[in-house]
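The structure appears right after this line, and notes come after that.
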Amino acid sequence: MAISKQEFSDYIKEFTFRELFNDMGWNNDITSQSIIVDDKPYQLRAVAEKSGFRIFVCLPDESGNIPENITRKKIEIKVTKLFHEHLIIFIDNNKKNQIWQLVVRQTGRPNKMTETRYNVSQDPELLYQRTSGLFFSIDEEDKITIVDVTQRVSE
């Protein structure tokens, strides 16, 4: 199922990730997970799932901001222990900024963390390009595996 660039852009600008991924062929997921880092709670809410690969949104910290880089890394480590394959989208309270964080794991190579930043004043073209391989059709549903999803996310 394909969505237009304009629809993609609208979803990103409106922070409606569940609807975005649903329209991209992902399954709805309502998993909620609290993560404690340095005695501070961070709430993660899954918005989508495909063959065990989860998309989480991390709600803002106590001050309404996206957690700092070191904290994001600690959150990533804790989430990996619970859900090995995932993408975390960090958002701020004002719905102005997003950081899409992904760790690419390859056998025999060190893990590589990538972050894609987005501000609502920007065109979400980079995010559109980076997520273009994450569209899934109904025809693929029966044969798609976690390995397939992980490979497409990594690309």
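For the stretch 27-92, with all protein chains in place and a probe radius of 1.4 Å, 50% of the accessible heavy-atom surface sits on carbon or sulfur.
Each principal axis of the Cα cloud of the stretch 1-94 was taken in turn, and the coordinate range along them, longest first, works out to 41, 31, 19 Å. Note that the stretch 94-104 has calculated 3J(HN,Hα) couplings of 7, 6, 10, 10, 9, 10, 9, 10, 9, 10, 8 Hz, one per residue in order, obtained from phi through the Karplus relation 6.51 cos²θ - 1.76 cosθ + 1.60 (θ = phi - 60°); glycine and proline are x.
Evaluate E = 1/(1 + (r/R0)^6) for residue 78 and residue 22, where r is the Cβ-Cβ distance and R0 equals 22 Å; express this FRET efficiency to the nearest 0.05.
On the way: r = 26 Å, r/R0 = 1.20.
The formula returns an efficiency of 0.25 here.
I'd like the GluC sites (Glu not before Pro) in the stretch 59-107 restricted to DSSP loop residues with at most 13 other Cβ atoms within 10 Å, sorted by number. Could you put the intermediate results ahead of the total?
Details: sites: 62, 68, 76, 85; in loops: 62, 68, 85.
Those satisfying the criteria are 62, 68.
Within the same chain, lysines fewer than 8 places from residue 74 are excluded, and of the rest, those with a Cα less than 17 Å from its Cα are 40, 112.
The values are calculated or read from the model by the stated rules, or taken from the named source; none is laboratory data. From a predicted model like this one, the values you see are computed outputs, not experimental measurements. Note that we place each Cβ from the backbone using ideal geometry, even for glycine, and neighbour counts take in every protein chain shown. For accessibility, only protein heavy atoms count, side chains too; no ligands or nucleic acids. Shrake-Rupley method; radii C 1.70, N 1.55, O 1.52, S 1.80 Å.
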